[in-house]
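Report on one structure; see the data block that follows.
The values are calculated or read from the model by the stated rules, or taken from the named source; none is laboratory data. None of the values given here were measured: they were computed from a predicted structure. Reconstructed Cβ throughout: ideal geometry from the backbone, glycine too, with neighbour counts over all protein chains shown. Quick note on the areas: whole protein, heavy atoms, side chains included, nothing else; ligands and nucleic acids left out. Shrake-Rupley method; radii C 1.70, N 1.55, O 1.52, S 1.80 Å.
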Amino acid sequence: MENKWIAIAIDGPSGAGKSTIAKLLAKELAYVYVDTGAMYRTVGYAALSAGIDPTDAESVVAMLPSIRVDLAYDNGVQKVLLNGDDVSDRIRTPEASMAASAVSALPPVRQFLFHLQQDMAATHNVIMDGRDIGTVVLPHAQVKIFLSASAEDRARRRYDELVAKGMDVAFEDVLADMKQRDYNDSHRAAAPLKAADDAVMVDTTGNTLEQSVELMKNLIKERLG
Ligand code: DC
């Protein structure tokens, strides 16, 4: 069956600018932006809220039938709902990040969210970002981009964001965390972070946000004709 919907898959490590760039591009193209990291964060947050240790695989998997994760859009901005409650802000804490990282390594959690991700792409034009979109979730996406930047550049951006939020952090710690997460994401057994064979590799090291957006816009235009 021919799919009339267009899918743009953006994968890459943390801090490469995926969500910032994808959001801007989605607005410009009038596509729906799907942040799959937010879905993993919601499952992680659900475990924490239920008093479940996110590294306790058995309990996390047993919790899945009792939760519902939905996406909603408010003026084009994605909201993520847990059992009908908007948890979009609550999933952005360091605890929720750690919990997301733990639950995202579990195949049943990936399967649980996979259907929701595929449903979005089966009913809308989407720009979806994550770690396994071009490889596992949307292998037939018309455009696949693997966005990266040096670990130092990504850590610098994350550091600047944290400092702007008033947090007292050391650059060296942010860099060490970034490298650890890169390692975890690329070495896990289930859907590890890796570029699809047919993905276009984009390195944003040293770019301003405007330069990266422009570059991606041209690339998408070229691919979609
Ligand atoms: O992109 P993010 O930091 O919000 O992602 C949160 C966590 O979810 C991160 O540890 C990686 C994981 N993730 C994943 O395994 N697969 C995806 N498609 C998206 C995110």
From the square roots a ≥ b ≥ c of the eigenvalues of the alpha-carbon gyration tensor of the range 92-131, which class results: rounded (a/c under 1.5), prolate (a/b over b/c), or oblate? oblate
Within the chain, helix-based [θ] at 222 nm, where runs of 4 or more DSSP H residues each add -39,500 (n - 2.57), nearest 500: -15000 deg cm²/dmol
Residues of the range 210-225 with amide N under 12 Å of the 7 Å Cα→Cβ point at W5: none
Of the cross-linked pairs K144/K165; K23/K221; K18/K179; K27/K221, which ones have a Cα-Cα span greater than 25 Å in the structure shown? K144/K165
Distance in nm between R92 and R188 label points, each 7 Å along Cα→Cβ, equals 2.2 nm
Over the range 18-88, with every protein chain in place, what whole percent of the accessible area is carbon and sulfur at 1.4 Å, could you tell me? 49 percent
How much area per residue is accessible in the range 43-161 when the probe is 1.4 Å and only protein heavy atoms are counted (Å²)? 47 Å²
Which one, V43, V77, V143, has the greatest fluctuation when you compute a Gaussian network model over the chain with C-alpha springs under 10 angstrom? V77
If all Cα-Cα distances of the chain are sorted into 10 Å bins from 0 onward, what percent lands in each bin, rounded to whole numbers? 8, 33, 38, 19, 2, 0
How far is it, in nm, from the label point at R68 to the one at A50 when both lie 7 Å from their Cα along the line to the Cβ? 1.5 nm
Antiparallel bridges, percent of DSSP beta bridges restricted to the chain (to nearest 5): 30 percent
Provide the FRET efficiency to the nearest 0.05 for the E152-K79 pair, computing r from the beta carbons and using R0 = 41 Å. 0.80
How far apart, in nm, are the 7 Å Cα→Cβ label points at Q211 and S19? 2.5 nm
Env charge @ V77, Cβ radius under 13 Å, K,R +1 / D,E -1, value -1
For the range 95-225, give the percent of accessible area contributed by carbon and sulfur heavy atoms, probe 1.4 Å, rounded to a whole number. 54 percent
